[in-house]
1. Need the C-alpha centroid separation for the range 268-298 versus the range 47-119, integer Å.
2. Return the FRET efficiency for the residue pair residue 97, residue 346: r is the Cβ-Cβ distance, R0 is 25 Å, and the value is rounded to the nearest 0.05.
3. Pull out the extension gain between residue 153 and residue 336, defined as 0.36 nm times the separation in residues minus the alpha carbon to alpha carbon distance; nm, one decimal.
4. Working from the alpha-carbon coordinates of the range 1-97, get Rg over Rh, Rh being the Kirkwood radius.
5. Mind ranking 315-322, 118-125, 346-353, 28-35 by how tightly packed they are, going by the mean number of other C-beta atoms within 10 angstrom, highest first?
6. Sorted by average packing, counted as other Cβ atoms within 10 angstrom per residue and highest first, what order do 329-336, 17-24 take?
7. Sort 276, 256 by Cβ crowding within 10 Å, fewest neighbours at the top.
8. Given a Förster distance of 41 angstrom, what is the FRET efficiency for residue 180 paired with residue 132, based on the Cβ-Cβ distance and rounded to 0.05?
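Rule-based calculations on the coordinates, nothing more; no lab input. Quick caveat, the model's predicted, so the values are computed rather than measured. FYI the Cβ positions are ideal-geometry reconstructions off the backbone, even for glycines, and counts take in every protein chain you see.
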């Protein structure tokens, strides 16, 4: 690789990493707040909270990387312009292809990373995230981990614990089961032990009483016990297979929906459209960067700067992405999935044609002096 290529590569690579990391961190912080209930409601540690929020980063990168490439290309080319290095390069006989080559190399790396995230990393981390959250919410012990509070496990079932020991031991327990209004029951026990059994979690109570309210007679029956048990298996929501959403599926599952399942039958076209959308995503990286290249070096030299061109490029990129999302939905409805690829491919072809047609036969662009004389 030539020294010029390495120089332009550094000008592109550094802002790309900076923009990607910065934007990802900002969006990650806002998204992680949505998981704060893991600590508040389920008594999980900060370590678990951090792990769960880290699992959403791949999905953010899949969207941010193409825009990061665009921002880096605009920044690098604008910097080269402001330092008059572009003018010097063209005066020395450097073609626009030689300037674009290292920029497109970084784009290729970013597009490959986007493809890998969409095909493998994102569904893998989303599945892990969903399973972790399901296990936490299904853990009865974590739901009552806070002593001194009344916790409603389910509508009509409330638990209170004075203090918590080790290995599922509880002291000063009160359980109020009023799901059946005609036969409400209140358990009070000195201590209890929560154990996992073949039928799910079971709460073993010691030294207490049961107060049963008879709705018909209006009387309360009081029964003392030394040992009794409450089956909590009905509250165990962690078992079984989880319903996989679109973002949690691999390509093979998107392109071949399981029509024996209601969700897949109802969303078969959308699932296939999502699969094509993931494959088309890396193409947007090239479309964005080519738009940036055309905006900065695709026209004559402008002594007044390139703010208007940059603004137009930003608007074009934003409109392109919005159009892509809209047409992906339309393609899924119509079953014409080639439309998903048509948007980025058309942008690539148009930008490439404009860049090529913006230069004279020899591939040399006008120098600032030549352009200035033409303006005069």
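1. Each part reduced to its Cα centre gives a spacing of 14 Å.
2. Computed FRET efficiency for residue 97 and residue 346 comes out at 0.70.
3. 61.2 nm
4. A ratio of 1.24.
5. Order by mean packing, descending: 118-125, 346-353, 315-322, 28-35.
6. Highest mean packing first, the order is 17-24, 329-336.
7. Lowest to highest Cβ neighbour count: 256, 276.
8. My answer for the efficiency is 0.75.
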